[in-house]
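Readers should treat all values here as calculations from the given coordinates under stated rules, not as data from a laboratory. Bear in mind that the values here come from a model prediction, so they are computed numbers and not experimental data. As a convention, Cβ positions derive from the backbone with ideal geometry for all residues, glycine included, and neighbour counts pool all protein chains shown.
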Amino acid sequence: MTTHSTVSASLVTAPPITKKTTQWSLADIEALFQLPFIDLVWQAQSVHRAHFDPNGIQLSTLLSVKTGGCPEDCGYCPQSLRHPTAVAEQALMPVEDVIAAAQAAKAAGASRFCMGAAWRSPKDRDLDKVLDMVIAVRSLGLETCATLGMLKPHQAERLKAAGLDYYNHNLDSSREFYGDIIHTREFQDRLDTLDAVRDSGMKVCCGGIIGMGETRRMRAGLLWELAQLDPAPESVPINLLVQVEGTPLHGTEALDPLEFVRTIACARILMPTSRVRLSAGRESFSDELQTLCFMAGANSIFYGERLLTTGNPEVDRDQRLFQRLGLHAE
Ligand code: SAM
Ligand code: DTB
Ligand code: SF4
């Protein structure tokens, strides 16, 4: 097994360090974070090229199908009813509106459509309506993803049977930081839902948020937890906190953008075959910062002018950037 000291050795000519995803220790990951930036990005790019077309980017479009009024108290989230934000509550959308949004996403070039609902966990009667959405979106030839909160095993099985390809459920932070950010559920609740999703046969989309005031060790801890999921999540969204007025985390000190790139690079090295998604926060990134993220192994984005309640880069801006970089949608 590779040791801490070999990870931090000079890497100019050495092959990239690889090991089974679950075998990385927290110390290994901290050592990766501490590498000189160029060495770290080189390693990540080398791992990336061994597993993916380095010029391909997967495009997922998000739609909030039920907005606001959530009973959970996640400190980052504008949709919690406990935080005085400007988000207007919206009940579960009619399936026709979801189909129209999915058609538009497909026409713009997205390959996956992700439906998000601000629930702690779905009620079975709500799930019936979501199943109709999944069936309709899938019939358009799009991959389907949903993020609806905590699931019981029978709910995961029903989503799988309806044709849901991916379920998004983020760990969001390291285990030790979790209780500082969310008080209405436990870290273990997230792991239980992830088990139910995996057992149902759906693919797992699971990542987290950085820039919430955590330490670098905690960022390493989040990645360690993600890498412990076995098999690793097929899709790993790395979000930069979008600071929304009224949320407890509004006003948090901004993260050094290069630390965001380092986190992408570490995720790529730890989870070589997963799609690493440059997720929330992209609207505030320069084209050059996004380019560094792609060089560090990000190969997926949220695509379309909105995330759930906040903004995302315009489609035209993304298309121009793809042209300038010679990237193609996958
Ligand atoms: N309610 C469900 C849940 O929490 O799993 C699904 C929707 S929730 C909005 C999905 C994810 O959005 C969260 O897990 C979190 O990672 C992300 N998110 C929410 N607010 C965010 C923010 N202000 N900045 C970055 N990511 C955010
Ligand atoms: C994920 O990791 N990020 C997305 C998606 N999965 C559901 C959500 C980002 C939300 C950003 C804040 C908002 O728009 O409300
Ligand atoms: Fe609710 Fe999800 Fe927002 Fe937490 S992140 S408050 S569970 S919508």
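Using modelled amide H (1.01 Å from N, peptide plane; none on Pro or chain starts), what sits under 5 Å from the amide H of Ala329, excluding residues fewer than 5 places away?
Ile57
Which far-off residues, 5 or more places away or on another chain, put their amide H under 5 Å from the one on Asp172, with H placed in the peptide plane?
Gly207, Gly208, Ile209
For region 202-278, what are the per-bin percents of Cα-Cα distances with bins 10 Å wide, up to the bin holding the maximum?
Calculated P(r), rounded to whole percents: 19, 50, 25, 6.
Antiparallel versus total DSSP beta bridges in the chain: what percent is that, nearest 5?
5
Give, rounded to the nearest 20 debye, the magnitude of the charge dipole that the chain has about its Cα centre when Lys and Arg contribute +1 at Cβ and Asp and Glu contribute -1 at Cβ.
The calculated dipole for the chain is roughly 540 debye.
Count the DSSP beta bridges whose two residues both fall in region 175-330, then state the antiparallel fraction as a percent rounded to the nearest 5.
The answer is about 10 percent antiparallel.
Residue-wise, which Karplus ³J(HN,Hα) couplings in Hz belong to region 159-170, taking 6.51 cos²θ - 1.76 cosθ + 1.60, θ = phi - 60°, and x for glycine or proline?
5, 4, 5, 6, x, 5, 7, 10, 10, 9, 8, 8
In degrees between 0 and 90, to the nearest 10, how far off the longest principal axis of the chain does helix 124-138 point, with axes built from Cα atoms?
Value to nearest ten degrees: 70.
Going through region 54-111, which GluC sites (Glu not before Pro) have at most 14 other Cβ atoms within 10 Å and a DSSP loop state?
Those satisfying the criteria are Glu89.
Using the number of other C-beta atoms within 10 angstrom as an exposure proxy, rank Leu164, Leu321, Leu307 with the fewest first.
If I rank by nearby Cβ atoms, fewest first, I get Leu321, Leu307, Leu164.
Across the chain, how many lysine pairs separated by 8 or more positions, or lying on different chains, have Cα atoms within less than 30 Å?
For the chain, qualifying lysine pairs total 23.
Using Cα centres only, tell me the gap between region 81-134 and region 224-287 in whole Å.
Result: 23 Å between the Cα centres.
How would you rank Ser235, Ser64, going from fewest to most other Cβ atoms within 10 Å of each one's own Cβ? Don't jump to the answer; show the numbers that get you there.
Values: Ser235 25, Ser64 21.
Fewest-to-most Cβ neighbours within 10 Å comes out as Ser64, Ser235.
Starting from the Cα of Ala107, move 7 Å in the Cα-to-Cβ direction to define the label point; list residues of region 296-330 whose amide nitrogen is under 18 Å from there.
What the label zone holds, given the 18 Å backbone N cut-off, is 303-306, 314-317, 319.
Please report Met295, Met133 as a ranked list, fewest other C-beta atoms within 10 angstrom at the top and most at the bottom.
Lowest to highest Cβ neighbour count: Met295, Met133.
Looking at the chain, which Cys residues are left with no other cysteine's beta carbon under 4.7 Å from theirs?
Cys70, Cys205, Cys206, Cys266, Cys293
For region 258-314, what's the radius of gyration and Dmax over Cα atoms, in angstrom?
11.3, 31
Using the Kirkwood formula over every pair of different C-alpha atoms, what hydrodynamic radius in Å results for region 27-110?
17.2
Once Rh is set to the Kirkwood radius over Cα pairs, what Stokes-Einstein translational diffusion coefficient, in µm²/s, holds for region 154-225 at a temperature of 37 °C and a viscosity of 0.692 mPa s?
On the way: Rh = 13.0 Å.
This corresponds to a translational diffusion coefficient of 252 µm²/s.
Long-range amide H contacts for Tyr303: which residues qualify at under 5 Å (H placed 1.01 Å from N, peptide plane, sequence gap of 5 or more or a different chain)?
Under 5 Å from the amide H of Tyr303 lie the amide H atoms of Ser60, Thr61, Leu62, each far enough along the sequence or on another chain.
Output wanted: per-residue J couplings in Hz (rounded whole) for region 280-295, from phi through Karplus 6.51 cos²θ - 1.76 cosθ + 1.60, θ = phi - 60°, x for Gly and Pro.
4, x, 5, 4, 8, 8, 5, 4, 5, 5, 4, 4, 4, 5, 5, 5
Got a sec? Charge dipole of region 148-247, +1 on Cβ for Lys and Arg, -1 for Asp and Glu; which of Asn170, Leu191, Cys205 is way out at the positive end?
Cys205
Using the alpha carbons of region 213-330, what is the convex hull volume per residue in cubic angstrom, as a whole number? Let's see the in-between values first.
Details: hull volume 13.3 nm³, N = 118.
Roughly 113 Å³ of hull volume per residue.
Taking 2.2 N^0.38 Å as the expected size of a compact globular protein, what ratio does the Cα radius of gyration of the chain give against it, to two decimals?
Numbers: Rg = 18.9 Å, N = 330, 2.2 N^0.38 = 19.9 Å.
Computed over Cα atoms of the chain, the ratio equals 0.95.
I'd like the Karplus ³J(HN,Hα) series for region 198-214: coefficients 6.51, -1.76, 1.60, θ = phi - 60°, whole numbers in Hz, and an x wherever there's a Gly or Pro.
These are the phi-based 3J(HN,Hα) values: 4, 5, 6, x, 6, 7, 9, 10, 8, x, x, 10, 10, x, 9, x, 6 Hz.
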